[in-house]
Structure formats: structure tokens, C-alpha cells
Amino acid sequence: MHFSTRILLLASAFAFTVPALADNATPVKIGVILPMTGPSASTGREIDAAIKLYMAQKGDKAGGRKIEIVLKDDTGVADITKRLAQELVVNDKVSVIAGFGLTPLALAAAPIATQAKVPEVVMAAGTATITEASPYIVRTSFTLPQNTVPIADWALKNGVKKVVTLVSDYGPGIDAEKAFSERIKAGGGQVLDNLRAPLRNPEFAPFLQKAKDLKPDALFLFVPSGFGAQLMKQVAERDFAKEGVKVIGTGDVTDDEQLQGMGDAVLGMVTSMDYSVAHKSPENKAFVEAFMKANPAMRPNFMAVGGYDGMALIYGALEKTKGDTDGAKLVDAMKGMSWVSPRGPISIDPETRDIVQNVYIRKVEKVDGQLYNVEFETMPNVKDPVKAAKKAK
Ligand code: PHB
């Protein structure tokens with residue numbers, strides 16, 4: 001072979017192998033945006049701890065690439081989330097953005113995910129429409145309608161006919177209110193009133209008094225993670241049980257992170273949710289033990305599990321693409337992925353990019369002196385009912 005041809009061949013071989021090598025040598029950065037301070041700081045702490053646990057257990061490599069987390073605190077303010085998402089994508093060159101403790105925060109980042117073609121993994125927020133805000137959004141938390149319909153069915157089965165709802169007045173609260181009310185009405189029940197309290201600095205007393213005066217069979221509650229203790233303190237002061245009113249809700253209210261502090265007044269409260277720290281499975285036992293060993297002062301809640309599974313989703317996708325961080329390829333790899341989470345079997349609906357999961361009916365009970373949401377019924381493989389209904393039309 002002529003010498004110059006050999007050089008040319010060598011050079012072209014280099015041209016193909018060098019960038020690939022260099023690419024695999026560069027770490028994949030994941031920009032995590034969470035409320036680490038402010039009223040939803042518990043969500044940030046739980047998810048951050050879960051991400052760290054996941055990486056401590058599985059290592060810091062996926063698809064042959066080193067994984068690096070860049071954590072930012074948006075303090076729960078949407079404008080800050082948006083600016084941070086932009087900076088992470090443009091300056092830090094992250095391949096994935098993840099976290100999002102509240103609906104407005106997840107929505108604020110959506111246009112950036114779309115423009116930059118970067119997957120946005122929603123680990124916490126629960127308004128049903130979030131995944132429709134960008135084709136790059138994939139969710140590992142839950143939707144409120146998904147978690148709400150089962151408690152409406154439980155109420156109907158347990159003789160509840162007249163209901164009042166009280167929710168936080170923003171996306172997920174309105175989703176919960178609608179899902180619950182429509183299901184109750186469809187089952188022959190009656191909705192006496194739909195009450196909404198502001199998300200920030202809520203004063204629940206006047207709403208609770210109004211609910212009590214209406215004498216419903218059940219009062220349905222939703223507030224986001226971190227706000228339940230405040231609500232349940234005021235609920236306890238009104239002794240609904242004495243009036244024959246069942247107090248029910250989604251598990252956001254009896255959040256494992258705050259449940260201990262709520263005291264015996266919440267004993268017997270029935271809720272529906274995708275995760276309880278008391279979930280009985282070998283996967284959850286291992287998860288809870290490891291989480292509490294690494295964070296002795298904390299109990300993992302549904303937010304922690306959303307973060308843990310979000311990492312499993314990102315690692316799994318990178319394995320499938322063999323470390324290729326092209327956004328569309330990563331989202332494609334995430335679609336249809338299924339695995340066993342600490343919460344039970346889960347999968348990503350390839351059409352909606354939402355999570356399909358079991359929803360459990362649970363009752364607050366004391367076990368070994370501690371309060372737990374003890375699961376007693378399982379609705380298997382629940383899809384977001386809003387999107388399922390849209391599709392059926
Ligand atoms: C939300 O803002 O979407 C959200 C936050 C916390 C929850 C549920 C929903 O517990």
C-alpha cells in the first residue's frame with residue numbers, strides 16, 4: 001500500500017474513533033432542579049437524598065458514561081426554575097433536566113426542554129397535563145387523577161353519598177377536585193361543595209367550618225407534599241368523626257415525611273396513593289433500610305421514590321442508547337420501559353410518557369408506636385384516567 005494511502009486510512013479511522021472515545025470520556029451531566037428551600041423544601045431534600053442513594057447503590061456510570069449531577073435550588077419559584085433550566089442547558093451542557101417539585105415549576109421548564117431537545121424527567125409534580133407541555137417530558141411521579149379515582153371508588157363502596165372537597169387552588173388540586181367529584185357523581189353521589197384554599201399561606205379554618213356545616217358523609221382533601229401537617233392540625237381541631245364525617249384524601253395529605261408529627265388525630269384516615277413507606281415488598285424493604293441508613297433523620301416518602309425511579313429511568317435509557325445523549329433517542333428509550341420500583345411494578349406509557357402504576361388504598365395505623373399508611377387494597381396498573389378518557393374519544 002502506498003504510504004500516503006496508509007496515512008489517509010489511519011487518519012479516517014481516527015476521524016471515526018476519536019470523537020466517539022472523547023464523547024464516552026466526557027461525563028453525562030444531569031441538571032437537577034428542586035425546591036431545596038422554601039415551603040416545598042421537604043420535596044427537594046427527599047428527592048436529593050434518593051438520587052444520592054441511587055448513585056451510591058448503582059455506581060456513577062450508565063451506558064459506559066460517567067454520570068454527574070448538577071443540583072440547583074429553585075426555591076419553589078417558577079421564574080427561577082426557568083432561568084436555571086436555561087443555564088443548565090446552555091452553560092453546563094446538561095443532557096437531561098430532572099426534579100420539579102411543583103406543577104408550575106415543571107411547566108416553566110417545558111419550553112426549554114422542547115427548544116433544546118433535552119429530556120425533562122418530572123420526579124414530583126402531578127398535574128395530569130404536564131406531559132403534554134413538551135414531547136421531551138417523561139414522568140416518574142404520578143398524576144392526581146390517577147391517585148384520586150381509587151379513593152372515590154372506595155368512598156362509594158363504603159356508603160358515602162354526599163361529599164365536600166377541599167383542595168389547594170392550583171393545577172393538582174383542581175385535577176383532584178375534578179377527578180373525585182366526577183367519579184362520585186357518576187357513582188350516584190352528590191357533591192355539596194368544591195372548596196379551594198390558596199396554595200401559599202393557606203388559612204384552612206373558614207373552609208373547614210363551611211365543610212362541617214354542610215354535613216357531608218365525607219370530606220375529601222388534597223394539599224401538596226409538605227402542607228399536610230398544617231391542614232391536619234386544623235382538621236383535628238374540628239373532630240369531624242364525631243359528626244359522622246369521614247375525612248379522606250390522596251396520600252399527599254398523610255405524607256410519610258410528616259405523618260409522624262400529625263399525631264393520633266389522623267389514626268384511621270383512609271387515602272389512596274402510589275407509595276407508602278410501609279409498602280410490603282422485598283424491593284421496598286431494601287429501599288427503606290438503605291434510605292434510612294444513609295439519612296437517619298428521614299423517612300422516604302412518595303417524592304423520594306419518584307426521584308429514585310427517575311434515576312432508574314435515566315440510567316436505563318443511557319444503557320439502551322449506549323451512552324448516546326441525543327434527547328430524542330433518550331426519550332424513545334424511556335418509552336415503554338418497565339421495572340420493579342420500591343412502590344411496586346411500574347412502566348412508562350409509550351403514548352403519554354406518564355407512569356403506569358398500582359394505586360393503593362391505605363389507612364393510617366400505629367405500628368410499633370409509629371404512624372404509617374398501611375395498604376389494604378391494590379388497584380393494579382392504573383393509567384392516568386384523564387388521558388385514557390381523551391384517547392377513548
Ligand atoms: C404538584 O405541584 O404538582 C404537586 C406537588 C406535591 C404533591 C402533589 C402535586 O404532593
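In whole Hz and in residue order, list the ³J(HN,Hα) couplings for segment 287-304 that follow from phi through the Karplus curve 6.51 cos²θ - 1.76 cosθ + 1.60, θ = phi - 60°; x for Gly and Pro.
5, 5, 4, 5, 4, 6, 5, 6, 9, x, 8, 10, 10, x, 10, 5, 5, 4
Helix-derived [θ] at 222 nm for the chain: sum -39500 (n - 2.57) over DSSP H runs of at least 4, divide by residue count, nearest 500?
Value at 222 nm, helices only: -14000 deg cm²/dmol.
Tell me, what ³J(HN,Hα) does each residue in segment 263-274 have, in order and in whole Hz, if you take phi through Karplus 6.51 cos²θ - 1.76 cosθ + 1.60 with θ = phi - 60° and put x for Gly and Pro?
With the stated coefficients, segment 263-274 comes to x, 5, 4, 8, 3, x, 5, 9, 9, 10, 6, 7 Hz.
What residues qualify as long-range amide H neighbours of Ala62, i.e. H under 5 Å apart, gap of 5 or more or another chain, H built at 1.01 Å from N?
Ile67
Sorted from fewest to most neighbouring beta carbons within 10 Å, what does the list Asp169, Asp239 look like?
Asp239, Asp169
Relative to the first principal axis of the alpha-carbon coordinates of the chain, what is the inclination of helix 3-25, with its axis defined by its Cα atoms, in degrees from 0 to 90 and to the nearest 10?
20 degrees
May I ask you to work out the translational diffusion coefficient for the chain at 25 °C, viscosity 0.890 mPa s, via Stokes-Einstein with Rh from the Kirkwood sum over Cα pairs, reported in whole µm²/s?
The calculation lands on 113 µm²/s.
Quick query: amide H of Thr37 versus all other amide H atoms, modeled in the peptide plane; which residues come in under 5 Å with a sequence gap of 5 or more or a different chain?
Correct list: Thr75.
Through the Karplus equation 6.51 cos²θ - 1.76 cosθ + 1.60, θ set to phi - 60°, convert the phi angles of segment 67-83 into ³J(HN,Hα) values in whole Hz; use x for Gly and Pro.
Per-residue couplings from phi come out as 9, 10, 9, 10, 9, 10, 9, 8, 6, x, 10, 4, 4, 5, 4, 5, 5 Hz.
In terms of modelled amide H atoms, which long-range or inter-chain residues lie less than 5 Å from the amide H of Asp193?
Those lying under 5 Å, H to H, from Asp193 are Thr165.
On a C-alpha basis, how far is the centre of segment 46-78 from the centre of segment 143-221 in Å? Whole number, if you could?
35 Å
If you count, for each residue, the other Cβ atoms within 10 Å and average over each peptide, how do 260-273, 33-46 line up from highest to lowest?
The peptides rank, most packed first, as 33-46, 260-273.
In the structure displayed, which of Lys72/Lys93; Lys72/Lys383; Lys215/Lys390; Lys335/Lys391; Lys93/Lys387; Lys210/Lys390 lie more than 26 Å apart, Cα to Cα?
Lys72/Lys383; Lys215/Lys390; Lys93/Lys387; Lys210/Lys390, as the Cα separations exceed 26 Å there.
Using mean Cβ contacts within 10 Å as the protection proxy, how do 47-54, 346-353 order, highest first?
Packing proxy ranking, top to bottom: 47-54, 346-353.
What does the charge add up to near Glu87, with Lys and Arg as +1, Asp and Glu as -1, over the other residues with Cβ less than 14 Å from its Cβ?
So the environment of Glu87 carries a net charge of +1.
Using 0.36 nm per residue, how much length does the chain from Ala265 to Asn201 gain when fully extended, once their Cα-Cα distance is taken away?
Numbers: separation 64, 0.36 × 64 = 23.04 nm, distance 2.24 nm.
Answer, rounded to one decimal: 20.8 nm.
Highest mean first, how do 199-212, 69-82, 171-184, 132-145 rank when packing is the count of other Cβ atoms within 10 Å averaged over residues? Kindly include the intermediate steps, with their values, before the conclusion.
Working: 199-212: 16.1, 69-82: 18.9, 171-184: 23.4, 132-145: 25.1.
Going from most to least packed, we get 132-145, 171-184, 69-82, 199-212.
Just so you know, all these numbers are worked out from the coordinates, no wet-lab data involved. If you're wondering where the values come from, they're calculated on a predicted model, not measured in any experiment. Because the Cβ atoms are built from the backbone with ideal geometry, glycine has one as well, and the counts that use them run over all protein chains shown.
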